[in-house]
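Q: A single structure is presented below for examination.
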Amino acid sequence: MSSAATAPEPEPRPVRFGIMGCASIARKVSRAMLLAAPAAAVAAVGSRSEAKARLFAADNGLPAATRLHGSYEALLDDPDVDAVYLPLPTSLHVRWAVAAAGRGKHVLLEKPTALCAADLDVILAACEENGVQFMDSTMWMHHPRTAKMRQLLDDRSTIGDVRVINSVFSFRADEDFLQNDIRVKPDLDALGALGDAGWYCIRAILWAVDYSLPRNVVALRDPVKNQAGVLIACGATLYWADGKIATFHCSFLTNLTMDITVVGTNGTLHVTDFVIPYEEKSGPFSVASESNFAELHTGWVPQPSRHVVATELPQEALMVQEFCRLVQGIRDGGAGVERKWPSITRKTQVVMDAVKTSIDNGFQSVDVAS
């Protein structure tokens, strides 16, 4: 047999990322890009000044060959950038995500992806028109724990029919955050805690029901707003036509908590660190199935089972790898864009819109568009 016949397939060329903006979350994702090599490479950083881009590259150990651009336009004009990671304030997403798609750059967009679904639709239309991949950066979706939990949720003998879901994501922000962070500024991230922490809660709820949209949404009364009117704590209840119900709470004011509880007719799944696992290389969760009281009601039988799912790479690096796989398929193999991710993003945004509308309308019920 000839050596040519047995030669391994060459590795696909890395997806060359341009990082647009030097937000703090970009530090984590730039590290993920380095960990995701050889699938990914950081090719360029763009900021409003070249000095800021240079400082970001130095502080985060980016390769010496990383090109530094003193404007976002220059980053988009870089012919050696395949994809753009965009962690800018939400108010800037439409302008720059549409511009990136128009230059043929694939778009990895920070959440919340837009201020409303109508804005998101403009972004998604631009990506579709230009044949570029879109994905939001909800990292926990890519942890192998998430896939394992999905298997158990789909196993009717373990969980049964999902009937109740509860999600909480909160962290206690310090005074500097509450006064100065972009997430409390109405001109930058007007959705506040709903857009930041609430995005994760809504995504978790939709994930638990395999992205079936609720019939209607009612916001919880007495949300907390700052002096500028930006939400810093809020929640809502979601209702489905078949009687399923879900509630979430998100906040910048209470202890770090990242819970999902999914209750079915046969079992309960519980995760206490779903957004960011306690440890980078593993993710725990528990399952109670066919639970009952022990004799004399002195305990439970059977006891809930604890599961730990290991991962070689952190979830953000796995996200980058998956995005790169899709981009490589389009760039090198003539594949079409994967529409699953834009669809999931849009459903999350639509529910978030409904929650915001319910808050603005005095906690009235708001129908969720299909």
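Q: List the pairs whose first member sits in region 166-183 and is in the same structural domain as residue 274 (by TED's automatic domain parsing), whose second member is of a type in the set (Asp, Glu) and not in a helix (DSSP H, G or I), and whose Cβ atoms are under 6 Å apart, counting only residues at least 6 apart or on separate chains?
A: These pairs meet every condition: 168/259; 182/189; 183/189.
Q: Could you list, ordered by first residue, the pairs with Cβ atoms under 6 Å in which the first is in region 307-318 and of a type in the set (Val, Ile, Thr) and the second is at pLDDT 95 or above and part of a helix (DSSP H, G or I), at least 6 apart or interchain?
A: What qualifies is 309/144; 309/145; 309/148; 311/144.
Q: Just for region 264-288: of the residues that are of a type in the set (A, V, I, L, M, F, W, C) and in contact with a Leu (Cβ under 8 Å, 6 or more places away or on another chain), which one is nearest to residue 244 (Cα to Cα)?
A: Looking at the filtered set, the residue picked out is 269.
Q: Could I ask something else about it? Looking at 231, 213, 206, 238 in this structure, which one is under 23 Å from residue 154 (Cα atoms), within 22 Å of the chain's Cα centre (by Cα) and buried (at least 23 other Cβ atoms within 10 Å of the Cβ)?
A: 238
Q: Taking residue 118, is it small (Gly, Ala, Ser), surrounded by fewer than 22 Cβ atoms within 10 Å (Cβ to Cβ) and closer than 30 Å to residue 260 by Cα? First the steps, then the outcome.
A: On the way: small (Gly, Ala, Ser): yes; surrounded by fewer than 22 Cβ atoms within 10 Å (Cβ to Cβ): yes; closer than 30 Å to residue 260 by Cα: yes.
Answer is yes for this residue.
Q: Hey, any hits in region 309-326 for a residue that's of a type in the set (A, V, I, L, M, F, W, C), in a strand (DSSP E or B), out of contact with any Cys (no Cβ under 6 Å at 6 or more places or on another chain) and surrounded by fewer than 19 Cβ atoms within 10 Å (Cβ to Cβ)? It would help to see each step written out before you state the result.
A: Step one: filter region 309-326 for residues of a type in the set (A, V, I, L, M, F, W, C), giving 309-310, 313, 317-320, 323-324, 326.
Subsequent filtering for residues that are in a strand (DSSP E or B) retains 309-310.
With the extra rule that they be out of contact with any Cys (no Cβ under 6 Å at 6 or more places or on another chain), the set shrinks to 309-310.
From the residues that got through so far, the ones that are surrounded by fewer than 19 Cβ atoms within 10 Å (Cβ to Cβ) too are 309-310.
Yes.
Q: Next question, about the same structure. Can you go through 303, 364 and tell me which one is of a type in the set (S, T, N, Q), free of Cβ contacts under 8 Å to residues at least 40 places away in the same chain, surrounded by 11 or more Cβ atoms within 10 Å (Cβ to Cβ) and in a loop (DSSP other than H, G, I, E, B)?
A: 303
Q: Scanning for something over 19 Å from residue 31 (Cβ atoms) and not polar (S, T, N, Q), does region 274-282 turn up at least one residue?
A: Taking every residue of region 274-282 in turn, at least one turns out to be over 19 Å from residue 31 (Cβ atoms) and not polar (S, T, N, Q).
Q: I need the full set of residues from region 67-81 which are surrounded by fewer than 22 Cβ atoms within 10 Å (Cβ to Cβ) and either closer than 18 Å to residue 29 by Cα or not assigned by TED's automatic domain parsing to the domain that holds residue 93 (or both), in order please.
A: The answer is 67, 68.
Q: Can I ask one more? Suppose we filter region 184-213 for residues that are out of contact with any Lys or Arg (no Cβ under 9 Å at 6 or more places or on another chain), charged (D, E, K, R) and assigned to a helix (DSSP H, G or I); how many remain?
A: Number satisfying all stated conditions: 0.
Q: So, restricting to helices (runs of 4 or more DSSP H) that lie completely within region 1-87, which ones have at least 3 residues that are free of Cβ contacts under 8 Å to residues at least 24 places away in the same chain?
A: By residue number, 3-6, 50-59.
Q: Another question, then. Does region 128-147 include one or more residues that are among the aliphatic types (A, V, I, L, M) and either at pLDDT below 95 or surrounded by fewer than 19 Cβ atoms within 10 Å (Cβ to Cβ) (or both)?
A: yes
Q: Also, I was wondering about something else. From the list 153, 124, 92, pick out the single residue that is outside the structural domain of residue 310 (by TED's automatic domain parsing) and buried (at least 18 other Cβ atoms within 10 Å of the Cβ).
A: Only one candidate passes the filter, namely 124.
The values are calculated or read from the model by the stated rules, or taken from the named source; none is laboratory data. Here the structure is a predicted model, which means the values were calculated and not measured. Glycine gets a Cβ as well: all are built from the backbone with ideal geometry, and neighbour counts include every protein chain shown.
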